[in-house]
Amino acid sequence: MSEVRILVVDDLEGWRQRIGSILQARPDLHVIGEASDGLEAVQKARELKPDLVLLDIGLPRLNGIEAEHRLCQVVPSAKVLFVTQDDDVDVVRAALSNGAHGYVLKTDAGSELLPGIEAILGGDKFISSGIRMARP
């Protein structure tokens, strides 16, 4: 499999490190940059052209939903996977309707981050098992 270039965006350095340690299990996944707020995420994405952005929602200066909207304009080929603690169904719907490819809860990241990445890289959507979406 070819290399996947990843930008990790979270305001907590400890979480960025945790995500990096999870990604080490897959040699094809490479963290090419990190950002601690939404504006920095957009700037780094413009510069680094990642294939995948792992994005938190509760970010300073520009929240994750707004950052996602701008990221889609700056690097339209990049896929966005939210990794966040926000389990509000309305927030999940807003994120996915804005163009995100997946949504993983931080509490589930240890077991679901890699399957989520694999699913969205394969063209599917992924929603964390901890999210209880009402079915129509």
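The values are calculated or read from the model by the stated rules, or taken from the named source; none is laboratory data. Model, not experiment: these values are computed from the prediction. Neighbour counts are summed over all protein chains in view; Cβ atoms, including those assigned to glycine, are modelled from backbone coordinates with ideal geometry. Side chains included, ligands, DNA and RNA excluded: accessible areas come from the protein's heavy atoms. Shrake-Rupley method; radii C 1.70, N 1.55, O 1.52, S 1.80 Å.
The table below gives the values:
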{"item": "Heavy-atom accessible surface of the chain: percent carbon and sulfur, 1.4 Å", "result": "48 percent"}
{"item": "Under the Karplus curve 6.51 cos²θ - 1.76 cosθ + 1.60, θ = phi - 60°, whole-Hz ³J(HN,Hα) for the range 74-87, x wherever Gly or Pro sits", "result": "7, 10, x, 7, 6, 9, 10, 10, 6, 10, 8, 8, 6, 9"}
{"item": "Gyration tensor (alpha-carbon) shape descriptor, the range 76-136, a/c threshold 1.5", "result": "oblate"}
{"item": "Alpha carbon convex hull of the range 11-136, volume per residue in cubic angstrom", "result": "98 Å³"}
{"item": "Probe 1.4 Å, accessible area per residue of the chain, Å²", "result": "49 Å²"}
{"item": "Reachable lysines, given that their alpha-carbon falls under 17 Å from the alpha-carbon of LYS49 and they are not under 8 places away in the same chain", "result": "LYS79"}
{"item": "Relative contact order for the range 66-136, counting Cα pairs under 8 Å that sit 6 or more residues apart, in percent", "result": "31 percent"}
{"item": "Mean Cα-pair separation over length for the range 1-56, i.e. relative contact order, pairs under 8 Å, 6 or more apart, %", "result": "52 percent"}
{"item": "Dipole-positive endmost among LEU121, ASN63, VAL91 within the chain (Cβ charges, Cα centre)", "result": "LEU121"}
{"item": "Surrounding net charge for GLY116, when Lys and Arg each add one and Asp and Glu each subtract one, Cβ distance under 11 Å", "result": "-2"}
{"item": "Cα gyration tensor category, rounded, prolate or oblate, for the range 23-79 with a/c compared to 1.5", "result": "prolate"}
{"item": "The chain: relative contact order in percent, alpha carbon pairs under 8 Å with at least 6 residues between", "result": "20 percent"}
{"item": "Segment LEU114-ASP28, extension gain: residue separation times 0.36 nm, minus the distance between their alpha carbons", "result": "29.8 nm"}
{"item": "Distance (nanometres) between label positions extended 7 Å along Cα→Cβ at SER77 and LYS125", "result": "2.5 nm"}
